[in-house]
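**Student:** To start, I am sharing the structure in question, which I have written as structure tokens.
None of the figures in this text is laboratory data; all of them are computed from the coordinates on show. In this text the structure is predicted, and so the values were computed from the model without any measurement. All Cβ positions, glycine included, derive from the backbone under ideal geometry; neighbour counts span all protein chains shown.
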Amino acid sequence: MIGITAYGAYLPRMRLQKKSIADANGWFDASLNGLGRGQKAVCNWDEDAITMAVEAASDCLGQDTRDSVGALIFASTSAPFLDRQNSVVVAEALNLKTNGLRAADVTASQRAATSALLFGLDIAAGNSAARSVVVGSEHRLTQCATREEMLYGDGAAALSVGSEKVLAEFIASHSHADDFIDHYRADGSKYDYGWEERWVRDEGYMKIVPAAVNALLTQAQVQASDIAHFILATDQDRVPAMLGKELGLKGDAVADNLLGTVGITGAAHPLLLLAHRLEQAAPGDLILLVGFGQGCDALLFRATDAIQSKRPKYGVSGHLARGRAEENYNKFQSFNNLLEKGLGKRAEVDKQSYLSAMYRNKAFTTGFKGGKCSACGTVQIPKHRYCVNPECGASETQLEYPMSGATGHIATWTADELTFDFNPPAYFGMVVFDGGGRLMMDITEVDPEAFATGVEVDLHFRIKQIDSQRGFRKYFWKAIQVQ
Amino acid sequence: MASGIKDKVAILGMGCSKFGERWDCEPADLMAEAFEECIADAGIDKSQIEAAWQATAIDTFNVGPGAIPLSAALRLPNIPVTKIENYCASGTEAFRAATYAVASGACDFALALGVEKLKDMGYGGLPQRSRGVTNDLFFPNVSAPGAFAQLAAGYAAKYSTNKEDLKRAMAHISVKSHANGAKNAKAHLQRSITEDQAMRAPMIAEPIGLFDCCGVSDGAACAIVTTPEIARSLGKHDLVSVKAIQLCVSNGNESGFNDWDGSYIATTRHAVKRAYAEAGIKNPRDEISMTEVHDCFSITELVTMEDLGLSADGRAVTDVLDGVFDAEGAFPCQIDGGLKCFGHPIGASGLRMLYEMYLQFQGRAGARQLKDPRLGLTHNLGGFPYQNVSSISIVGRHEA
């Protein structure tokens, strides 16, 4: 049996209230007012499709050994790099065993993640020992005062695919390629350009999806009425229910699109909705997952007896509950560089990344690995030639010591209004790790009311610095207060 | 056991430029201004100087690299000149080098000059700059006030200090320094402030407000040193001699090993212990007349009082509020106005502190003159509380 063996999700904590967008832009386009209900998850300035993928995959893998992962497939249409394999950054931040690892980026369609999932299932079918992690992550930019701005959200979801302890057995799939252009984003464009919704609905969803789904159900010899979960990611709110009716599905099988709580997370959305539904599935449930975009991927799963025994630490529900309402529309635009904002002279410092230095330091900077002295057991980060324990001081005794999963406590800190930061004040402080070691580091997503000396923190992979001159970005780990 | 530097070297002359926003001056002008005062005070000819050290910390932003700026600014007679950079201790480092050169017998007259021109950046505060190729990969996004503000968090946690009391003590430190600086024509900031002003000033880095920060200025200061014997042979009386100069540099312990709580500066404690030993000081509270410490931020001065042993650990808030370090107190601190009022042209600061000591011992400090000072201590602290360079100089009347 092959199928889904674990799942996880990530939503940025910042939840932009859509009313704030409508309030700002309704004077220009009154139709936006009708979309101004609910909220959408939006990236902090230091988050992107890579960092969210790391979060979602971490939620998926939990405490599982990461050495068994043989493939990391990353699906996104908003990856920060066009040529620098995003999946490899994710894999190294996850501390996967990179020797022997297959890594791939799947992109250029809203069904990139379902296609990536099919590749993962193919790997499992060909080599049952290989475990694949498939992660969808999306952070799309939107133009001011557009329908897309009201509807799109940011988020990520990850699935582990393999043959051990399967939670949802893969039954069958059907794919269909069709250059139906509901929207596109050409090379060099920042934003999507879409066509009339009614045409997309009538000629697209309502024709392409039923054809693929019916082919799948016939192949699998399953009745539509037996489907317990129907997942279709779309930014057209009413389409899933319309399709459910057209296909003859039970009404409660149609998954909520999370339009009012998360927004549509693009290529990540099919996996995000699937992860949400897996939390609710019972053994034996049939799950129909559809990815739509230049055709259609339809996949059928059946939940096993293990479905309720293994849940992610957060999952979609956990992240839905962790949101923080944000009413500052300007902050959203600033974080996404959608405004010509004067950042001040302190922002003008050259942020060149010296790639040779980055490469030799990446076990520390990407993997957050420190050193542990084999002579005295002292932990230090970064790793160093000499042990930092003044009682020891041994040389060449440092064993590589992974610390990205560590928790720690804040010994000293401040909120800095002077230094340049995209979200001032900049918080940083001395983190003393519970398992040993300490590091002065940036702290992100601070709630000023709850933050204090001594609070517990854990570690998250985030954007450290953006080099807008060259279009590059550095990543490093930041501390976040544990809730 | 080495005998140390005590009384082997005397200050022959000193000079200090006006500190401030010297918009119309090049670094060379500042150097010349300090040097003209110094060489006239020393009473020797420029051609007699045999070696020189130039302290500049952020050379790429102002003075320029290498030691040519000093040599060319003063048209020194093709002598060895060395540029020294060691964070905020740079000025004291130049003085240490010149002192050691004389003590070793390598030369009879040596010049130490510190200069910095910070006010060409186009904005307030120190320049935002790269920390280096590798450090930029992981260093936190920290400004100088942000680094030092954390002393307050560490200190308050250790001693369960009430936030309001700590902030009030910090304000008192700034009020005291402004009161002193108001009597100093060479200071950048010469206005008194009130405790209320300091407490309510805009926040820079929690809990450091604007008035908890020293100024940012242009300036230069210098010293010519020689042996006490040569100084006397030149007809000098009331000699001021060097009793100790010590330096301590972090080795990664505070930042990487879990035995530092962030409430004090470990390097200052190492350096001052060695300095007291070198100077033969048994009980600093009985022997030190005054201090000029590195008050880059008020909280730095507060913990430094404990690091120097002038306050017992955990007592600095009370001592500060009791006025122990005021001009009329037991241990006047920053009698010239400190970094607070002079600002901190980094390379110049250590020498500017020694300049005030020198004036005080010679009874030339005017309205600021303390009664009969015997020994004075200067202190510099560069870098961050968790990894830094700390220097201590002790100078005093030459009574050998």
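**Student:** Which residue fluctuates the most in chain B, going by a Gaussian network model with Cα springs under 10 Å, if the choices are B:202, B:140, B:65?
**Tutor:** B:140
**Student:** Would you mind giving the mean number of other chain beta-carbons within 10 Å of the Cβ of each residue in B:255-267, as a whole number?
**Tutor:** That average works out to 5.
**Student:** If you line up the long axis of helix A:206-220 against the longest principal axis of chain A, both from Cα atoms, how many degrees apart are they, to the nearest 10?
**Tutor:** Long axis of A:206-220 versus the principal axis of chain A: about 90 degrees.
**Student:** Could you derive backbone 3J(HN,Hα) for region B:215-230 from the dihedral phi with the Karplus parameters 6.51, -1.76 and 1.60 (θ = phi - 60°), listing whole Hz in sequence and x where the residue is Gly or Pro?
**Tutor:** x, 10, 9, 9, x, 8, 8, 8, 9, 10, 10, 8, 8, x, 5, 5
**Student:** Enumerate the calculated ³J(HN,Hα) couplings along region B:86-97 in order (Karplus 6.51 cos²θ - 1.76 cosθ + 1.60, θ = phi - 60°), each rounded to whole Hz, writing x wherever the residue is Gly or Pro.
**Tutor:** Whole-Hz 3J(HN,Hα) from phi for region B:86-97: 8, 6, 6, 8, 4, x, 5, 4, 5, 5, 4, 5.
**Student:** Which of rounded, prolate, oblate describes chain A, given a ≥ b ≥ c as roots of the alpha-carbon gyration tensor eigenvalues and a/c under 1.5 marking rounded, otherwise prolate only if a/b is larger than b/c?
**Tutor:** Taking the square roots of the gyration eigenvalues as a ≥ b ≥ c, chain A is oblate.
**Student:** I would also like to ask the following. Neighbour counts of other C-beta atoms within 10 Å: give me B:6, B:176 arranged from fewest to most. Walk me through the numbers before you get to the answer.
**Tutor:** Working: B:6 18, B:176 27.
Ascending number of Cβ neighbours within 10 Å: B:6, B:176.
**Student:** Another question, then. P(r) for region B:286-349, please, calculated from all Cα pair distances in 10 Å bins and given in %.
**Tutor:** With a bin width of 10 Å, the distribution comes to 22, 58, 19, 1.
**Student:** A further question follows. Step by step: find N for region B:127-252, compute 2.2 N^0.38 Å, then divide the Cα radius of gyration by it. What's the final number?
**Tutor:** 1.47
**Student:** Further question: Roughly what would the spin-label model give for residue B:106 and residue B:371, points 7 Å off Cα along C-beta, in nm?
**Tutor:** Distance between label points: 4.4 nm.
**Student:** Go through A:383/A:474; A:331/A:464; A:19/A:250 and tell me which ones have a Cα-Cα distance over 22 Å in this structure.
**Tutor:** Exceeds cut-off: A:19/A:250.
**Student:** So which aspartates and glutamates pass the test for residue B:46, namely a Cα distance under 19 Å, with those fewer than 8 places away in the same chain ruled out?
**Tutor:** B:29, B:33, B:36, B:37, B:108
**Student:** May I ask you to derive the FRET efficiency for residue B:200 and residue B:21 from their Cβ-Cβ distance with R0 = 25 Å, giving the value to the nearest 0.05?
**Tutor:** After rounding, the FRET efficiency stands at 0.50.
**Student:** Moving to a separate point now. For n ≥ 4 DSSP H runs only, could you compute -39500 (n - 2.57) per run for the protein assembly as shown, divide by its residues and tell me the 222 nm figure to the nearest 500?
**Tutor:** When only DSSP H runs of four or more count, the value is -8000 deg cm²/dmol.
**Student:** Cα-Cα over 29 Å: which of A:345/B:340; B:163/B:243; B:167/B:371; B:273/B:371?
**Tutor:** Beyond 29 Å: B:163/B:243; B:167/B:371.
**Student:** Taking H as built 1.01 Å from N, whose amide H comes closer than 5 Å to the amide H of residue B:88, not counting residues under 5 places away?
**Tutor:** B:382, B:383
**Student:** Just add up the charged neighbours of residue A:21: K/R +1, D/E -1, any other residue whose Cβ is under 14 Å from the Cβ of residue A:21.
**Tutor:** Numbers: positive: A:15, A:18, A:19, A:37, A:40, A:147, A:331; negative: A:23, A:29, A:148, A:149, A:326, A:327.
Neighbourhood net charge equals +1.
**Student:** Of B:42, B:349, B:132, which is farthest along the charge dipole of chain B in the positive direction, counting Lys and Arg as +1 and Asp and Glu as -1 at C-beta?
**Tutor:** Going by the charge dipole, the pick is B:42.
**Student:** Now, a different point. Please compute the modelled spin-label separation between residue A:226 and residue B:68, points set 7 Å along Cα→Cβ, answer in nm with one decimal.
**Tutor:** About 8.6 nm, to one decimal.
**Student:** Check which residues have an amide H placed less than 5 Å from residue B:13's amide H, if you skip close sequence neighbours.
**Tutor:** Answer set, sorted by chain and number: B:224.
**Student:** Under 5 Å between amide hydrogens, which residues at least 5 positions from residue B:206 or on another chain qualify, with H placed 1.01 Å from N in the peptide plane?
**Tutor:** Hits under the 5 Å cutoff: A:415, A:417.
**Student:** Around residue A:238, what is the net charge, scoring Lys/Arg as +1 and Asp/Glu as -1 over all other residues with Cβ under 14 Å from its Cβ?
**Tutor:** Once positives and negatives cancel, what remains is -3.
**Student:** Take the Cβ-Cβ distance between residue B:2 and residue B:159 as r, set R0 to 41 Å, and report the resulting FRET efficiency rounded to the nearest 0.05.
**Tutor:** The calculated FRET efficiency here is 0.65.
**Student:** With contacts defined as alpha carbon pairs under 8 Å and 6 or more residues apart, what's the relative contact order of region A:3-335 in percent? It would help to have the intermediate numbers written out before the result.
**Tutor:** On the way: 821 pairs, mean separation 89.6, N = 333.
Once divided by the residue count of region A:3-335, the mean separation gives 27 percent.
**Student:** Find out how many positive minus negative residues lie around residue A:288, taking Lys and Arg as positive, Asp and Glu as negative, among other residues whose Cβ is under 13 Å from that of residue A:288.
**Tutor:** 0
**Student:** As a footprinting exposure proxy, order B:177, B:311, B:104 by other Cβ within 10 Å, with the fewest listed first.
**Tutor:** B:104, B:311, B:177
**Student:** How would B:270, B:188, A:276 line up from fewest to most surrounding beta-carbon atoms within 10 angstrom? Don't jump to the answer; show the numbers that get you there.
**Tutor:** Details: B:270 18, B:188 26, A:276 23.
Starting with the residue having the fewest Cβ neighbours, the order is B:270, A:276, B:188.
**Student:** How far apart, in nanometres, would the label points at residue B:48 and residue B:251 be if each is projected 7 angstrom from Cα along the Cα-to-Cβ direction?
**Tutor:** 4.3 nm
**Student:** Sticking with this one: Each residue of region B:35-51 in turn: what ³J(HN,Hα) in whole Hz from Karplus with 6.51, -1.76, 1.60 and θ = phi - 60°, glycine and Pro shown as x?
**Tutor:** 5, 4, 5, 5, 6, 5, 5, 5, x, 10, 9, 3, 5, 7, 6, 9, 7
**Student:** Between residue A:33 and residue A:203, what's the calculated FRET efficiency when r is the beta-carbon distance and R0 is 25 Å? Round to 0.05.
**Tutor:** On the way: r = 28 Å, r/R0 = 1.13.
The computed FRET efficiency comes out at 0.30.
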